[in-house]
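The values are calculated or read from the model by the stated rules, or taken from the named source; none is laboratory data. As the structure is a prediction and not an experimental result, all values here were calculated from the model. We place every Cβ from the backbone using ideal geometry, glycine too, and count neighbours over all the protein chains shown. For the accessible areas, the whole protein counts, side chains as well, though only heavy atoms, and no ligand, DNA or RNA atoms are used. Shrake-Rupley method; radii C 1.70, N 1.55, O 1.52, S 1.80 Å.
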Amino acid sequence: MIEIKDGKKILTTPVSDEDLKDIHIGDIIYLNGSMTTCRDVAHRRLVEGHRELPIDVRGNAIFHAGPIVRPLEDDKFEMVSVGPTTSMRMEKFEKEFVELTGVKVIIGKGGMGPNTEYACRNYKAIHCVFPAGNAVVAATEVEEIVRAEWRDLGMPETLWNCKVREFGPLIVSIDTEGRNLFEENKVIFNERKEKAYEEICRHVRFIK
């Protein structure tokens, strides 16, 4: 489901293809519902190790993040800090990951490449960037840690399944058309750089 609340565009899991069709690169969205932290080793276990994820992320969100979590009583946990890790590390796995899991929202830091573009275009998913340096803020948007799976991987790589509320802001970097904000901006920035370079050179030619 998608709704507008106080000017915010909020996605609530489970997310459908229809929910994502009018979301485009550069949009700012927020997330309600189910989000699972999922980093390098979990991707590798699924894609290369052919091990099914113990948490169903179909129609839901994953977060490329290695959180700091405080254990409580009765096998409960509290999120202390959950900042995004570099998404590009998961690039070589993401096409197969999206195909196998049906995940709809991928959240991380920085851009991703052609494998993720293909996955978003063909399986109708999006990649979003959570602003770096806001790990403690992100933790306040986690209402509850519902489950913790693959704990043998250690705290950063454990699958922490969370219930989140207005998690964001999330900047859409790849949309369901496969458009890539980072790659499109590279073209624009390089064009501006060349023009700026020419202009600067015109004014400093006298310098030997």
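Confirm whether K163 is in contact with an Asp or Glu (Cβ under 8 Å, 6 or more places away or on another chain), open to solvent by 10 Å² or more (accessible area, probe 1.4 Å), within 17 Å of I25 (Cα to Cα) and not hydroxyl-bearing (S, T, Y). Criteria not met by K163.
Can you tell which of E73, E96, E52 is in a helix (DSSP H, G or I), free of Cβ contacts under 8 Å to residues at least 60 places away in the same chain, out of contact with any His (no Cβ under 6 Å at 6 or more places or on another chain) and surrounded by fewer than 18 Cβ atoms within 10 Å (Cβ to Cβ)?
Details: E73 fails: in a helix (DSSP H, G or I); E52 fails: in a helix (DSSP H, G or I).
On inspection, the qualifying residue turns out to be E96.
A quick yes/no check of all residues on (1) out of contact with any Gly (no Cβ under 7 Å at 6 or more places or on another chain); (2) under 19 Å from G168 (Cα atoms):
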residue	(1), (2)
V47	yes, no
P67	yes, yes
R70	yes, no
P84	no, yes
E99	yes, no
G111	yes, yes
R121	no, no
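Tally time: how many residues in region 144-160 are acidic (D, E), surrounded by 15 or more Cβ atoms within 10 Å (Cβ to Cβ) and assigned to a strand (DSSP E or B)? Number satisfying all stated conditions: 1. Could you say whether any residue in region 179-197 is touching a residue at least 60 places away in the same chain (Cβ under 8 Å) and not in a helix (DSSP H, G or I)? Within region 179-197 (the criterion being touching a residue at least 60 places away in the same chain (Cβ under 8 Å) and not in a helix (DSSP H, G or I)), the answer is yes, since at least one residue qualifies.
Can you find, within region 99-133, the residue that is least open to solvent (accessible area, probe 1.4 Å) among those that are part of a loop (DSSP other than H, G, I, E, B) and out of contact with any strand residue (DSSP E or B) (no Cβ under 9 Å at 6 or more places or on another chain)? I'd like the intermediate steps shown before the answer.
Residues of region 99-133 part of a loop (DSSP other than H, G, I, E, B): 102-104, 110-113, 124-125, 130-133.
The next check asks that each one be out of contact with any strand residue (DSSP E or B) (no Cβ under 9 Å at 6 or more places or on another chain); those that pass are 102, 124, 133.
On the way: G102: 13, K124: 75, G133: 83 Å².
Checking each candidate, the answer is G102.
Applying the selection to region 147-178, what residues are in contact (Cβ under 8 Å) with a residue 40 or more places away in the chain and among the small types (G, A, S)? Answer for region 147-178, where residues must be in contact (Cβ under 8 Å) with a residue 40 or more places away in the chain and among the small types (G, A, S): A148, G168, S173, G178.
For beta carbons closer than 7 Å, sequence separation of 6+ or different chains, a first residue in region 1-23 that is within 19 Å of R58 (Cα to Cα) and in a helix (DSSP H, G or I) and a second that is modelled with pLDDT under 90 and not polar (S, T, N, Q), the qualifying pairs are D19/M1; D19/I2.
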